[in-house]
1. Going by alpha carbons, how many degrees (0 to 90, nearest 10) lie between the helix axis of 2-145 and the longest principal axis of the chain?
2. Mind checking the dipole of the chain: about its Cα centre, +1 per Lys or Arg Cβ, -1 per Asp or Glu Cβ, Debye to the nearest 20?
3. Ignoring ligands and nucleic acids, what accessible area does residue 5 show with a 1.4 Å probe (Å², nearest 10)?
4. What do you get for Rg/Rh of the chain when both radii come from the Cα atoms and Rh is the Kirkwood radius?
5. Can you give me the distance in nm between label points at residue 73 and residue 51, each placed 7 Å from the Cα along the Cα-to-Cβ direction?
6. Considering only protein heavy atoms and a 1.4 Å probe, what is the carbon-and-sulfur percentage of the accessible area of the chain?
7. In Å², and per residue, what accessible area does the chain have when probed at 1.4 Å with the other protein chains present?
Amino acid sequence: MHWKKANAELRCEEEVNLRLKVQHRKLQEIVDELEIRLDQAKDQTKQVQLHQYDTCASINSMHTQIRETNARLKGLGKRIDLQRAKNKADQAEVAHRKEGLDKLLKNLHDNIDALESIVKEWKSMRSEEDRNTCMVANSTHAQPNS
């Protein structure tokens with residue numbers, strides 16, 4: 001009986017060992033699967049990090065471009081302000097010159113009017129003088145014949 005008991009215990013131990021080996025194999029498969037998933041997760045993490053790095057580089061590049069554009073716009077704004085100031089000064093100069101030209105034109109018209117008046121007066125005097133000369137000439141020519 002002792003031998004049967006030992007044999008039963010041995011069979012029981014072998015069954016336990018067999019079950020343990022099966023469980024160990026299943027656990028090893030699970031561990032292998034988890035290691036594969038871990039490696040995949042690490043690869044995905046690296047890809048995400050690379051994508052984030054590329055995204056950050058792109059954002060930094062865009063930010064630099066925006067700063068450069070803002071600087072150019074600021075410079076353009078200053079140039080526009082300077083041009084506006086120059087335009088106002090030019091407009092003031094043009095208005096001043098126009099005012100001067102208007103005065104000159106008025107003086108010219110006044111001088112033309114004065115000259116026309118002088119010419120009229122001269123013509124009137126000239127015609128009177130011509131008539132007087134004609135009268136004198138007629139009277140001079142008429143006297144010797146009489």
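1. With both axes taken from Cα atoms, the answer is about 0 degrees.
2. I would put it at about 560 debye.
3. Answer for residue 5: close to 130 Å² accessible.
4. Over the Cα atoms of the chain, Rg/Rh equals 2.07.
5. Inter-label distance under the simple model: 3.1 nm.
6. Numbers: 8260 of 14100 Å².
Of all accessible area on the chain, carbon and sulfur atoms account for 59 percent.
7. Working: 14100 Å² over 146 residues.
I get 97 Å² per residue for the chain.
The values are calculated or read from the model by the stated rules, or taken from the named source; none is laboratory data. These numbers come from a predicted model, not from an experiment. Positions of Cβ are backbone-derived with ideal geometry, glycine not excepted, and every protein chain shown enters the neighbour counts. Each accessible area value is taken on the protein alone, full model and side chains, heavy atoms only, with ligands, DNA and RNA left out. Shrake-Rupley method; radii C 1.70, N 1.55, O 1.52, S 1.80 Å.
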